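Comments concern the structure below.
Each value in this text was obtained by applying a stated rule to the coordinates, not by laboratory testing. All values reported here derive from a predicted model rather than from experimental measurement. Positions of Cβ are generated from backbone atoms using ideal geometry, with glycine treated the same way; all protein chains shown enter the neighbour counts.
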Amino acid sequence: MMTRTTIALVLAAMPAAGAAQDRINRTRPADVDGTVHIDSPAGSIRVIGWDRAEVAVSGTLGHGAYGLDLSGDKRRTTVEVESEGNPHGIHSDLEVRVPAGSDVVIESYGASISVSEVKGTVTAETVNGDIRVGEAPREVRAESVNGGVTVSARGGRVQAESVNGAVTVRGAGGEIGASTVNGPLSVTGGTFARARLETVNGRVLFEAGLARGASLEVETVNGAVELALPAGTAADFAVTTFSGDIRNELGPPARRASRHTTEKELTFSTGGGGASVRVETLSGGIVLRRHQ
Amino acid sequence: MTCEAVRERLDDYLDGELGEAEFQDIELHLASCAACREEERGRRAVVALAAALPRRREPPRDLWPAIAGEIASPRRFAALSFVDARPAARWTAGLAAAAAVVLAVWVASREAGPGLETAGPAPRGVARPAAAGGDLDAFAEAEREYQRATGELMALLDARRAALSPGTSAAIDENLAVIDRALAEIRAAREHDPASARLGRLLVTTHQKKIATLRRVLKLTT
Amino acid sequence: MAAFEQLYRDHVGRVFALCLRLAGDASLAEDLAQEAFVRAWRKLGTFRGESAFSSWLYALTVNTALSERRARRRRTARVVTTDDLSAFDRPGRAARPDHGFDLERALATLPPGARAVLVLHDVEGYKHKEIADMTGIAAGTSKAQLHRARRLLREALAR
């Protein structure tokens, strides 16, 4: 939720219409651990953390924009492409340098978004663009409708969602919640304490470690599920599919749940048990294997 | 006091925010200046009009179904705390529609098997249905609730179609169709295996996914 | 849930009126009212009963409307703000349809900041101090915006 400062901005500083300018290059002092709010309808938004206590915006404003609002107090900086009329066609290419400890909130409709070297919480939303978040925010929340979401970050918490795009998480760890409808979902590298992965049709790949006592839940309707776990993982498995096949290289083969149903279920433990692994699909095939 | 100074303080005068001395000064000026009296009357009229505006206005359509749909589906970032919750608690916490609660209890009461905890306490006032026939009724009612909620959200989405690019609109439709096909497949599987608690749960979570997807699309495209 | 629906039924009129006037746009107001109730549901646990539920809900509504508006405004066509006054065409209360209508229309043409303060102060009866607490602007700014709003409103009504 936005803070009162932003509300104050709305009330006190309505943008003055300025002459349209193409190239921009502006800076503004900011706290090293404040919040930077970036709003640009389309084009590209590149956010890079740096060690200065200021926000610097460079790049080009799209045709139809009448200015860039760079305002706020030091705790909270707003970077916003100002426009009248339907803004979706205004393609601006912005590079925004922010203090590395900042929380960054990015909202767009059609821009591709990339964030790197930011240590605070990164929140990014777009409808039609890709989102890429690199090292090493403490928390990532990224949502797209028709674009892919790629997060490569150590530790922390990751929430990554797309409807049609692919969600790819590499080298993360800690907690993850990720979902797609149709896009593939892949989590590779890192060690997780909690993971919940959901798709309807997209296939799921989880090739990562599980912490002691971790929980991993995977649910799809039609999507295939592949889990690749390191040797020596101590876990209790509960795996079900109704019409898909189960291939288990970690333990015993699956059996029919009862004579009256096609439901196949598989429960077993490895390494004496510990972490909880639950997989459910309707018709997706399930593969359980060792991570090379 | 000059007319200019008086007009600058006129709003404070009307709002009773002046000290006694200033208040008296203004009164005095107004008594002797027709133009400022006219100004004062005009401003007082605006204030009175605003104060007389109806405090209530009914929205053009009932917002409740959409609100119920939204609070029934899991919170955005709470997907993580979701992982915390025991499966049964997930149902009772996450499903808000009354029929869905009945369903939750129905599902929970049948939940069995390793790896899945037993159900939490039933919500107050909701009896655990015992007979299979009654369960199916409750289930059908729950599905109707979800369909009502998704119908409302679809109407909201359709109202925004014009603002979406054709590509985005097509991608959204394709994904909703994927979910609908999945729902149909789960229903078909349930006809063969009506007693399966897992299929019931899958049907519910897939309905929830449709609601969550519609919500996400609506939120991001607004 | 049933209890919350009752709360919704009891309060939606005021919540929607507030959103409509703060947003100046009917379809946005529906979204905001909806969002306010969803937030209220999620924050019910933080309501301590120190104030009336209605005051708590209306303050939350104001916050929702003011914080959401800026973000949303950018992403949807701006033209609706002054053109889409269909909600005001609906005769709301039979009481004073003509006055109410003119004033609502004029209100919708005010700059958002000034309009918000006028709605909160003159329609809803909040004090400058309370508006300052709710919105984060200084009480002096709230006063200045109110004066500006009243002047603009008078001009708009005179046209």
Hey, can you grab everything whose amide H is under 5 Å from the amide H of A:Arg132? Only 5+ residues off in sequence or another chain; H modelled, so Pro and N-termini drop out. A:Ile113, A:Ser114, A:Val115, A:Thr150
May I ask you to evaluate 6.51 cos²θ - 1.76 cosθ + 1.60, the Karplus curve with θ = phi - 60°, for each residue of region B:161-174 and list the ³J(HN,Hα) values in order in whole Hz, giving x for glycine and proline? 3, 4, 7, 9, 6, x, x, 5, 4, 5, 5, 5, 4, 4
How many Cβ atoms of partner chains, on average, are near each residue of B:169-182 if near means within 10 Å of its Cβ? 5
Cross-link pairs beyond the 32 Å C-alpha cut-off, checked among A:Lys119/C:Lys127; A:Lys119/C:Lys143; A:Lys74/C:Lys127; A:Lys74/B:Lys209: A:Lys119/C:Lys127; A:Lys119/C:Lys143; A:Lys74/B:Lys209
How would you classify region B:144-205 from its alpha-carbon gyration tensor, with a ≥ b ≥ c the square roots of the eigenvalues: rounded for a/c under 1.5, else prolate if a/b is greater than b/c, otherwise oblate? prolate
If packing is taken as the average count of other Cβ atoms within 10 Å, what order do A:57-65, A:182-190 fall into, highest mean first? A:182-190, A:57-65
Can you list the residues, at least 5 places off or on another chain, whose amide H is less than 5 Å from the amide H of A:Ser215, using H built in the peptide plane? A:Arg194, A:Ala195, A:Ser276
To the nearest 20 debye, what charge dipole does chain A have about its Cα centre, counting +1 at the Cβ of each Lys and Arg and -1 at the Cβ of each Asp and Glu? 880
Please list, ordered by chain and number, the residues whose modelled amide H lies under 5 Å from the amide H of A:Val140; skip anything fewer than 5 residues away on the same chain. A:Val122, A:Arg157, A:Val158, A:Gln159
Quick one: what are the phi-derived ³J(HN,Hα) couplings along region B:29-46, Karplus 6.51/-1.76/1.60 with θ = phi - 60°, whole Hz, x for glycine and proline? 5, 4, 4, 10, 10, 5, 5, 5, 4, 4, 4, 4, 5, x, 5, 4, 5, 4
Kindly work out what percent of the DSSP beta bridges joining two residues of chain A are antiparallel, to the nearest 5. 20
Using +1 at the C-beta of Lys and Arg and -1 at the C-beta of Asp and Glu, which of A:Pro99, A:Ala153, A:Gly110 has the Cα lying farthest in the positive direction of the dipole of region A:62-159? A:Ala153
Along the charge dipole of chain A, which of A:Ser58, A:Asn164, A:Leu70 sits closest to the positive end, that is, farthest toward it, with unit charges on the beta carbon of Lys, Arg, Asp and Glu (+1, +1, -1, -1)? A:Asn164
For region A:206-223, just list the computed ³J(HN,Hα) in residue order, Karplus coefficients 6.51, -1.76 and 1.60, θ = phi - 60°, integers in Hz, with x standing in for Gly and Pro. 10, 10, 7, x, 10, 5, 4, x, 5, 10, 10, 10, 10, 9, 9, 9, 10, x
For the modelled label position 7 Å from the Cα of A:Arg212 along Cα-to-Cβ, which residues of region A:181-202 have backbone nitrogen atoms closer than 12 Å? none
